[in-house]
Amino acid sequence: MPLVAGIVIVVIVIALVIGLLAFIGSGLAPLLSKTALQDLTVGQCFNGGRAPSESGTAVVFGVDVVACTEPHTSELVATFDYPGSGSSAPYPGLDIVDGYSEEECIDRFAEYVGLNFNSSVLGMTYVYPLDTNWRLGDYSIQCVAHPPDGQEHASESFRNARR
């Protein structure tokens, strides 16, 4: 009889573990199906990816890639690495990386959209590596265009939009 009780307990434990893994997996599925901003290619449109943090800055996480003809909140207009980056290069500092990223994204925005950022009705954000990312080998910078203020979504590409 103790052998049967032991087998029953093992079966119950296995069933609970499988159920728990299925439950956790179903909760993680939406997060795991997202695309990292760093994995996008220039010209891809997407939704999501920006959430406010306690500090007021946007925290970037996975995005949902969509066709540019579908409603979307963002479009990747440029991606590149910080110059001179590498495993032995020290982090240049937040202000330096931020300033460089902003200048480059403004230039690359103009090349992509066909109009200077300051003359455009479109919005732009950029994502650059923080010290933590740098230490993990991520030196990438992404420049992202958004619909004009007051317009939540666009249903066309911003490439050569000249607006």
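The values are calculated or read from the model by the stated rules, or taken from the named source; none is laboratory data. Not measured: the values here are computed from a predicted model. Methodologically, a virtual Cβ is constructed for each residue, glycine included, from the backbone with ideal geometry; neighbour enumeration extends over all protein chains shown.
Those residues that are hydroxyl-bearing (Ser, Thr, Tyr), assigned to a helix (DSSP H, G or I) and more than 18 Å from the chain's Cα centre (by Cα), I need them from region 114-132; list them, please. Residue satisfying the conditions is SER119 alone.
In region 46-83, the residue that is modelled with the highest pLDDT out of those that are charged (D, E, K, R) and in a loop (DSSP other than H, G, I, E, B) is GLU70. Within region 133-163, the set of residues being assigned to a loop (DSSP other than H, G, I, E, B), under 20 Å from ASN118 (Cβ atoms) and either assigned by TED's automatic domain parsing to the domain that holds ASN116 or not hydrophobic (A, V, I, L, M, F, W, C) (or both) comprises PRO147, PRO148, ASP149, GLY150, GLN151, ARG159, ASN160, ARG162, ARG163. Checked against (1) more than 19 Å from the chain's Cα centre (by Cα); (2) within 12 Å of ALA78 (Cα to Cα); (3) not aliphatic (A, V, I, L, M), SER101 meets all criteria but (1).
Checked against (1) in a helix (DSSP H, G or I); (2) modelled with pLDDT under 95; (3) not hydroxyl-bearing (Ser, Thr, Tyr), GLU111 passes all but a single condition, namely (2).
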